[in-house]
Amino acid sequence: MAYLSTDKVEHHFHDVVIVGSGGAGMRCALQLADAGHRVAVVTKVLPTRSHTVAAQGGINASLGNVASDHWHWHMYDTVKGSDYLGDQDAIEYMCRAAPLLVRELEHQGVPFSRLDDGRIYQRPFGGQSREFGEGGQASRTCAAADRTGHAILHSLYQQNLRAGTHFYQEFFALDLITGDDGCQGLMAWDIARGEYHLFQAKAVILATGGAGRVFRVTTNAHICTGDGGALTLAAGLPMEDMEFFQFHPTGIADVGPLITEGVRGEGGYLINANGERFMERYAPTAKDLASRDVVSRAIAQEIREGRGCGPKKDHVLLKLDHLGEELIMSKLPNIHELALRFADVDCTKDPVPVQPTVHYTMGGIPTNRFGEVVYSKGRNKEVVFPGLYAIGEAACVSVHGANRLGGNSLLEIVVFGRACGNQVMKHLREHRYHAQLDVDCWQRGAERVERWLSSARDRREGPSIADVRLRMQTIMQEHFGVYRTEELMAEGVARLESLAGEMDRAVISDGCGLFNTELVEALELENLMALARVTAAGALARRESRGAHARDDYPERDDERWMRHTLATLDSEGVKLGYKPVRTSPMTVESFPPKKRVY
Amino acid sequence: MKLTKEPGSARSGIGDWYWQRLSAVVLAVLLPLPFLLIVAVYSGSVDQLGLLDLLDHFFSRLLHTLLILALIVHAYMGLKVIFEDYVPVIGWRVTLIGGMLVVMSGFGIWWLAIIWAWGG
Amino acid sequence: MSEMIRLSIFRFDPERDDKPFMQSYEVPVTKRGMKLLDALNYIKWELDGTLTYRRSCGEGVCGSDGLNINGVNGLACITPVTGLKQPVHVRPLPGMHVIRDLVVDMDHFFDQYRQIQPWMQTDTPTPEHERLQSPEERALLDGQYECILCACCTTSCPSWWWNGDRFLGPAVLLQANRWIVDSRDEATGRRLDQLEDAFRLYRCHQIMNCMEACPKELNPTAAIDSIKRKLLARKS
């Protein structure tokens, strides 16, 4: 393929290219590889390093192993949890598929914890109820101790080894190759060898995970930089609902690592400086197992009113020592380890200091329930962009709406990983040949890398990427936290836009071609910056409080004006916002109309 | 992507492991006996003729044979592992292990000849 | 907060350097309970952007940042920097090909993992519901499935240094055992067949560096012994 003008670019042909090797990407790869397609997984890390590995609590499915359960109740909880911003067709699809897919995971070898009768162990999680909120707490979260994500990711990796999926490890995705007839491939950078690779594919699936690293304190891995979303924005497509970042109530104070909701599911609870179990005031029924946005706001409120713990009164305590050492060591061993290592607390004896910490990106690349990326064109708000798909945390289907329920993220990745795989197979039947590419389609991707490498090789002066990143994260942390106001966010947007202007002058110091991680961090910063900008703009515009987006100046939900999804695009002039309605019609059942959320 | 070619199992592991431990057990039981004999000789409870009588006995010869075989098997197994660990070149490994086998067999035959007084 | 930590870090840039060297850095203690990864990040972000290492989750579950720290293998993200003897010598995992600085080539390690066919193998028809497993049977997997494939144990094993091309190493054998003891897996016989080899399995001389090195406090030596006992039971 020399006509692609340079032999510096190695050319690959695959049926499908999947970007990202987390649970969603690997579940999708498995579906396609088992069907005999040539699947390439392009991932910037080794597959088992993806952030799915850090998921702890479990995966929701209405198996009813502990107490009777039904997917319809699960659906109700998810719609309610999403603060009625979730798309109900997708939610129905996910909740219906859950039992099948969780059992399939079990068949694939996931070492779920067990009940005495040998079935999968399920624990209660926040926001779960039976009989549409009337029947008390449900136990819906299937768990492998508190290492469920690890167990699932490793099992899916193992299955992909069996299926013969092709992994391009430590390859960084630079640019989507798009044309009039959709997405045709991907430019990538081989981090270890420092070479360009052009992947031609009939379908490209973005499974790149969340973007929690736009904030300074997060439970997310260093690699959670929203790369897929930034690729989508660069291709002129929108991002959906990015203002909704979930704050997990129980990140270890100051450092970030997550303490699973499963701790509260097993009977742990939160106390303030007075030793009071304050969740009883905020959520009289569900108490500590209210949904995450509710608990996070309650903690933030306690801290604001001076009832925080510690010398700076900036956190509360999670008490679980009363559960007993035996239960902790059998059901929550990883929590014991994390608390010991990062908080220096033996949780079998003392409470763990926790505070709300950025945890999950509810927003993402807009898709329908088949994983196809959609955009607005004129009056049609959901036009499919052919050949481009998004799944997992990178996507916004949207099953999580304004607030995700614990245990639904692992479910989402397997459900929509598989659904997307099936949809891609249909697409492949209709598209038998690779599209003809533009001669210089590779250049935009290569320029991204060359711009940074030349800044190092020419020893240019300018702000370091570490400096810019820290400033960006600090702005996001300070101006777009748990509680938001017009004034604070407007200032945040202004600061962020001016900081984005500095990106052109930013430099790196490492000009080496081999395993240049500073280059990777620079590319990731570009991605983060794009997502931070759409997040900030979307948050400022949304004048209501819904789910994770809580405003002091607009404390109520406004279904009249704001029960709609934000669609943000980014071009040289800045962020442009558009909106589209929520899909309130489920596939088969009656719609759940918005109600006041009480836990 | 570099791929290791799957060479399959040599089906030898458990055999080697088994023989090494079996010979170790035999050695543990039989090796103290000659020392006991020496102690007995030095303490004067057995004189030269008594010693010869003891060694001449059929059962003594049998135990003696067992001891020497176990010793050789055990030493062979142990040294083989050491060669395998420390000699990376397969050619040298095979040569050394082969050489060791020849020397040890020779030693064994010579010793057995003494025990059973072959040719004498 | 003016307390300083001295580090001596292995550096090697194959484009520029003929051979590796150790470079010294001084890093302030920025917070209580600071980890070695925080120190490396400080160097990369504040002092020297060319320092190269892998990292991902930062909380000890992904297994990216296995390093040799003062001669002992461990994960940088969960190793507290205070309490380490100074200067802290940080080297890549031993016995591995270095790509650059602290980054090593993991391909062979993952190839060996692939060799044991680490996926559930069953012959009986897949049931409609989950395959049942009692809590006692499930308990056999504790201490096995938690492995994060960081390679800290395998690269601390002298037997693997000497015969790494054929000896599978502690991490992979631990995973082999994870499938052998799983009551749901039906390929135990085939798995044992594949391991019955003087090199693949029996190169383990119970040196026990692996259990010392494991950051998740697993015990690969015990797993290897368990496989050996199963092979013996099968033979006897």
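The values are calculated or read from the model by the stated rules, or taken from the named source; none is laboratory data. Keep in mind that what you see is a predicted model, and the values were worked out from it rather than measured. Neighbour counts run over all protein chains shown; Cβ positions are idealised from the backbone, glycine included.
Looking at (1) among the acidic types (D, E); (2) in a helix (DSSP H, G or I); (3) touching a helix residue (DSSP H, G or I) at 6+ places or on another chain (Cβ under 8 Å), which is the only condition C:D197 fails?
Looking at each condition in turn, C:D197 falls short on (2).
Being among the small types (G, A, S) and within 13 Å of the chain's Cα centre (by Cα) is the filter; apply it to the stretch C:118-175 and report the residue that is farthest from the other protein chains (Cβ to nearest Cβ).
C:S156
Of all residues in the stretch A:247-264, which are away from every other protein chain (no Cβ under 13 Å), closer than 20 Å to A:E302 by Cβ and of a type outside the set (K, R)?
Those that are away from every other protein chain (no Cβ under 13 Å), closer than 20 Å to A:E302 by Cβ and of a type outside the set (K, R): A:F247, A:H248, A:P249, A:T250, A:E261, A:V263.
Tally time: how many residues in the stretch C:124-158 are over 11 Å from C:C210 (Cα atoms) and among the small types (G, A, S)?
3
Here are A:R216, A:R162: which of them is farther than 30 Å from C:A171 by Cα and basic (K, R)?
Only one candidate passes the filter, namely A:R216.
Do we find a residue being within 27 Å of A:A54 (Cβ to Cβ), modelled with pLDDT of 95 or more and not basic (K, R) anywhere in the stretch C:159-167?
no
Within the stretch A:150-164, restricting attention to residues that are at the interface with chain C (Cβ under 8 Å from one of its Cβ atoms) and either closer than 26 Å to C:Y53 by Cα or free of Cβ contacts under 8 Å to residues at least 40 places away in the same chain (or both), which residue is farthest from the chain's Cα centre (by Cα)?
Selected residue: A:R162.
Can you tell me which condition C:W45 does not meet? The list is (1) at pLDDT 95 or above; (2) not in a helix (DSSP H, G or I), and all the others hold.
Of (1) at pLDDT 95 or above; (2) not in a helix (DSSP H, G or I), only one is false for C:W45: (2).
Go through (1) within 14 Å of another protein chain (Cβ to nearest Cβ); (2) hydrophobic (A, V, I, L, M, F, W, C); (3) over 26 Å from the mean Cα position of the chain (by Cα) and name the single condition A:A522 misses.
The single condition A:A522 does not satisfy is (3).
So in the stretch C:194-236, with the set limited to residues that are at the interface with another protein chain (Cβ under 10 Å from one of its Cβ atoms) and of a type in the set (S, T, N, Q), which one is farthest from C:D142 (Cα to Cα)?
C:S236
Looking at B:S105, B:S23, B:S43, B:S9 in this structure, which one is exposed (fewer than 11 other Cβ atoms within 10 Å of the Cβ) and of a type in the set (S, T, Y)?
Every option except B:S43 fails the conditions.
Out of A:L46, A:L63, I need the residue that is in contact with a Lys or Arg (Cβ under 9 Å, 6 or more places away or on another chain) and farther than 26 Å from A:V424 by Cα. Which one?
Testing whether each residue is in contact with a Lys or Arg (Cβ under 9 Å, 6 or more places away or on another chain) and farther than 26 Å from A:V424 by Cα leaves just A:L63.
How about the stretch A:255-309: which of its residues are among the acidic types (D, E), surrounded by fewer than 22 Cβ atoms within 10 Å (Cβ to Cβ) and touching a strand residue (DSSP E or B) at 6+ places or on another chain (Cβ under 7 Å)?
Correct list: A:E266 only.
Looking for whichever is over 21 Å from A:L32 (Cβ atoms), assigned to a strand (DSSP E or B) and within 14 Å of chain C (Cβ to nearest Cβ) here; the options are A:F167, A:F112, A:F172. Which one fits?
Being over 21 Å from A:L32 (Cβ atoms), assigned to a strand (DSSP E or B) and within 14 Å of chain C (Cβ to nearest Cβ) holds for just one of A:F167, A:F112, A:F172, which is A:F172.
Among the candidates C:R32, C:R11, single out the residue that is out of contact with any Cys (no Cβ under 9 Å at 6 or more places or on another chain) and at pLDDT below 95.
From the options C:R32, C:R11, the qualifying one is C:R32.
Do we have A:A300 as assigned to a helix (DSSP H, G or I) and either within 28 Å of A:T535 (Cα to Cα) or not hydroxyl-bearing (S, T, Y) (or both) here?
When the stated conditions are applied, A:A300 passes them.
Do we find that C:G63 is more than 17 Å from the chain's Cα centre (by Cα), within 7 Å of chain A (Cβ to nearest Cβ) and on the phi > 0 side of the Ramachandran plot in this structure?
For C:G63, the condition - more than 17 Å from the chain's Cα centre (by Cα), within 7 Å of chain A (Cβ to nearest Cβ) and on the phi > 0 side of the Ramachandran plot - is not met.
Keeping to the stretch C:20-33, report how many residues are more than 10 Å from every other protein chain (Cβ to nearest Cβ), in contact with a strand residue (DSSP E or B) (Cβ under 9 Å, 6 or more places away or on another chain) and either β-branched (V, I, T) or more than 16 Å from C:R100 (Cβ to Cβ) (or both).
Here the count works out to 6.
When residues of the stretch A:362-403 are filtered for being small (G, A, S), touching a strand residue (DSSP E or B) at 6+ places or on another chain (Cβ under 6 Å) and free of Cβ contacts under 8 Å to residues at least 40 places away in the same chain, how many remain?
0
Looking at this structure, is B:L101 in contact with a Ser or Thr (Cβ under 9 Å, 6 or more places away or on another chain) and in contact (Cβ under 8 Å) with a residue 12 or more places away in the chain?
Criteria not met by B:L101.
For a quick check of your reading of the model, give me the residue pairs whose first member lies in the stretch B:49-74 and is more than 18 Å from B:I109 (Cα to Cα), whose second is outside any helix (DSSP H, G or I), with beta-carbon atoms closer than 8 Å and at least 6 apart or on different chains.
B:L54/B:V46
Looking at (1) within 10 Å of chain A (Cβ to nearest Cβ); (2) in a loop (DSSP other than H, G, I, E, B); (3) in contact (Cβ under 8 Å) with a residue 40 or more places away in the chain; (4) farther than 13 Å from C:L36 by Cα, which is the one condition that is false for C:I99?
(2)
Here is a check on your reading of the model: is A:E486 under 30 Å from A:S545 (Cβ atoms), touching a residue at least 40 places away in the same chain (Cβ under 8 Å) and touching a strand residue (DSSP E or B) at 6+ places or on another chain (Cβ under 8 Å)?
The answer is yes for A:E486.
Which fully enclosed helices (runs of 4 or more DSSP H) of the stretch B:19-120 have 2 or more residues being within 14 Å of chain C (Cβ to nearest Cβ) and modelled with pLDDT under 95?
Filter on the stretch B:19-120 gives B:58-86, B:90-116.
Would you mention how many residues in the stretch A:115-132 are more than 9 Å from chain C (Cβ to nearest Cβ) and surrounded by fewer than 19 Cβ atoms within 10 Å (Cβ to Cβ)?
So the count comes out to 2.
Could you pull out the residue among A:R140, A:R96 that is touching a Phe, Trp or Tyr at 6+ places or on another chain (Cβ under 9 Å), on the phi < 0 side of the Ramachandran plot, in a strand (DSSP E or B) and outside the structural domain of A:L258 (by TED's automatic domain parsing)?
None of the other options fit; the residue is A:R140.
Of the residues C:D123, C:D185, C:D197, C:D101, only one is of a type outside the set (S, T, Y), buried (at least 17 other Cβ atoms within 10 Å of the Cβ) and over 27 Å from B:G15 (Cβ atoms); which?
After ruling out the rest, the residue left standing is C:D101.
When you go through A:S398, A:S455 one by one, which is the residue that is assigned by TED's automatic domain parsing to the domain that holds A:M503, among the hydroxyl-bearing types (S, T, Y) and crowded, with 19+ Cβ neighbours inside 10 Å?
A:S455
Under 17 Å from the mean Cα position of the chain (by Cα), within 26 Å of A:R49 (Cα to Cα) and free of Cβ contacts under 8 Å to residues at least 12 places away in the same chain - does that describe any residue in the stretch C:204-217?
Yes, because at least one residue in the stretch C:204-217 is under 17 Å from the mean Cα position of the chain (by Cα), within 26 Å of A:R49 (Cα to Cα) and free of Cβ contacts under 8 Å to residues at least 12 places away in the same chain.
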